[in-house]
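What follows is a set of notes on a single structure, which appears directly below.
Every read-out reported here was derived from the displayed coordinates using simple, explicitly stated rules and does not represent laboratory data. A quick note: this is a predicted structure, and the numbers were derived from the prediction, not measured. Positions of Cβ are backbone-derived with ideal geometry, glycine not excepted, and every protein chain shown enters the neighbour counts.
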Amino acid sequence: MKHFFTLMIILMFSNLTFSQVEVEVEIENHVNEFFEALNAKDEKKLADFFTPEANLKSVLVQNENERIINEAIEDFFTSIASLTNEVEIREEFSDIHIQVDEYMAFASTNYRFFVNGNFSHKGVNYFTFVKVNEKWKIISITDTRIYE
């Protein structure tokens with residue numbers, strides 16, 4: 001009987017760990033797909049990642065001056081849609097870190113942003129995900145934009 005309880009406890013914890021790893025993989029896939037849609041300038045696909053009440057915040061650092069920018073999610077989609085075919089954007093990310101809770105998940109990445117192949121700025125992205133109708137959606141992105 002003692003071995004049975006020990007086995008049950010081990011199985012219970014391994015199930016929790018597996019479940020968390022599964023969610024971490026799902027969040028990482030969402031981040032990858034988000035950047036693919038961003039780099040493709042696909043505002044319709046980008047919209048699928050967000051809750052309607054999502055928001056974007058940036059800490060802009062330029063010439064040792066900082067300012068905070070708040071952007072409505074609809075303005076973000078409009079700005080992506082307004083980019084012409086002559087404008088190529090590419091955001092390369094690295095060092096993804098994920099933290100998962102039952103109803104929320106956080107992902108952070110370092111990134112470098114390029115416009116028409118030229119380095120523009122770098123920073124860190126912080127994604128906050130919430131679970132809505134069994135799907136993970138972005139409720140906010142906060143980033144730094146460091147211009148050198």
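Some observations on this one:
- Modelled label positions at Ser94 and Glu53, each set 7 Å beyond Cα in the direction of Cβ, lie 3.8 nm from each other.
- Likely footprinting exposure, Ser108, Ser19, fewest C-beta neighbours within 10 Å first: Ser19, Ser108
- With each label modelled as a point 7 angstrom along the Cα→C-beta vector, the Leu60-Asn110 pair spans 2.5 nm.
- With θ taken as phi - 60° and the Karplus curve 6.51 cos²θ - 1.76 cosθ + 1.60 applied, the whole-hertz 3J(HN,Hα) list for the range 69-83 is 10, 10, 10, 5, 4, 5, 5, 4, 4, 4, 5, 5, 5, 7, 5 Hz, x standing for glycine and proline.
- Efficiency of FRET between Glu36 and Asp101 - r from beta-carbon atoms, R0 25 angstrom, step 0.05: 0.45
- R0 of 30 Å, Cβ-Cβ distance Leu83-Ser19: FRET efficiency to nearest 0.05: 0.15
- Extension gain, Lys131 to Ala72, is 19.2 nm, computed as 0.36 nm per intervening residue step minus the present C-alpha separation.
- Look at Arg67, Arg112 and count the other Cβ atoms within 10 Å of each Cβ; fewest to most, that gives Arg67, Arg112.
- Expected 222 nm ellipticity per residue - DSSP helices of 4 or more, -39500 (n - 2.57), all of the chain, to 500: -12000 deg cm²/dmol
- When the Gaussian network model of the chain links Cα atoms closer than 10 Å, the mean-square fluctuations of Thr51, Thr84, Thr128 top out at Thr84.
- Under 10 Å, Cβ to Cβ, from Glu92 - net charge with Lys/Arg +1 and Asp/Glu -1: +2
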